[in-house]
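**Student:** This is the structure, below, for whatever I ask next.
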Amino acid sequence: MGNASNISLGAGTLYVAALGSTEPTDVTTALAAAWKEIGYTEEGSEISIEVSSDPVEVAEEIDPVLHVMAGRTVSISFAMAENTARNLTLALNGGTVSTADGVTSYEPPAPSAAQRVMIVFVSEDGQERWIFRQCFQAGTVSVARRKGADKVTIPVEMRAEKPAGKQAFKVLFKDSRSGGTI
């Protein structure tokens, strides 16, 4: 049947910060000033964790005797609902923003100057926070312009990388959502 207090409802809010920024340690304390709100995204966000494995086979057995983890890809996908210079710098791994005579301009970074960031997802119900310690936009960015009431969105897929000494991501839950080990 499940526990109603374990149900996470709705999307949430995304925040971005420079690498090495102070990570949240719980789900209720306000994020430090270094964390800038990306905001709600068009359809929420999707966190995807893909594990690949390889079979270990021995000559005497038909079936593999073990499967070993060969890799893990962690990604977070979202569509930012505002076409701003700040959101373009997130979507395109950095760049240069300048303002002169009332006009803001954005230029993407050279491939060798691409930047990584930290991302935090805070669930709308306040029950969980996902911390992605080092992220890099690794997919296609396509800015779709539509006629009428439809708005511009910037869809982005960020890939989590493993920084030195830490795992690629961490999840914080309110106590009622813990659950222990298998």
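The values are calculated or read from the model by the stated rules, or taken from the named source; none is laboratory data. Quantities reported herein were computed from a predicted structural model and do not represent experimental measurements. When we count neighbours, we look across all protein chains shown, and the Cβ atoms used for this are built from the backbone with ideal geometry, even at glycine. The area values use the complete protein model at the heavy-atom level, side chains included, leaving out ligands, DNA and RNA. Shrake-Rupley method; radii C 1.70, N 1.55, O 1.52, S 1.80 Å.
**Student:** Could you tell me whether region 91-100 includes any residue that is closer than 23 Å to Thr22 by Cα and touching a Gly at 6+ places or on another chain (Cβ under 8 Å)?
**Tutor:** no
**Student:** Also, quick follow-up: Of all residues being closer than 20 Å to Glu43 by Cβ and open to solvent by 30 Å² or more (accessible area, probe 1.4 Å) in region 99-126, which is nearest to the chain's Cα centre (by Cα)? Just the residue, please.
**Tutor:** The residue in question is Glu124.
**Student:** Scan region 127-138 for residues that are in a loop (DSSP other than H, G, I, E, B) and crowded, with 19+ Cβ neighbours inside 10 Å and report the count.
**Tutor:** 1
**Student:** Would you confirm whether any residue within region 139-160 is surrounded by 16 or more Cβ atoms within 10 Å (Cβ to Cβ), at pLDDT below 80, not in a loop (DSSP other than H, G, I, E, B) and not small (Gly, Ala, Ser)?
**Tutor:** For region 139-160, residues surrounded by 16 or more Cβ atoms within 10 Å (Cβ to Cβ), at pLDDT below 80, not in a loop (DSSP other than H, G, I, E, B) and not small (Gly, Ala, Ser): absent.
**Student:** For Glu82, state whether it is under 25 Å from Gln134 (Cβ atoms) and open to solvent by 60 Å² or more (accessible area, probe 1.4 Å).
**Tutor:** It is true that Glu82 is under 25 Å from Gln134 (Cβ atoms) and open to solvent by 60 Å² or more (accessible area, probe 1.4 Å).
**Student:** Restricting to region 1-19, give me the number of residues that are touching a helix residue (DSSP H, G or I) at 6+ places or on another chain (Cβ under 9 Å) and modelled with pLDDT of 85 or more.
**Tutor:** 1
**Student:** Conditions: (1) modelled with pLDDT under 90; (2) open to solvent by 80 Å² or more (accessible area, probe 1.4 Å); (3) of a type in the set (S, T, N, Q). Thr22 meets all but one. Number of the miss?
**Tutor:** So the condition that Thr22 fails would be (1).
**Student:** Filter region 85-98 for residues that are open to solvent by 30 Å² or more (accessible area, probe 1.4 Å) and not hydrophobic (A, V, I, L, M, F, W, C); which is farthest from Thr140 (Cα to Cα)?
**Tutor:** Once the filter is applied, the top-ranked residue is Ser98.
**Student:** Would you point out the residue of region 32-69, among those that are in a loop (DSSP other than H, G, I, E, B), open to solvent by less than 60 Å² (accessible area, probe 1.4 Å) and aliphatic (A, V, I, L, M), that is nearest to Ser123 (Cα to Cα)?
**Tutor:** So the residue we want is Ala32.
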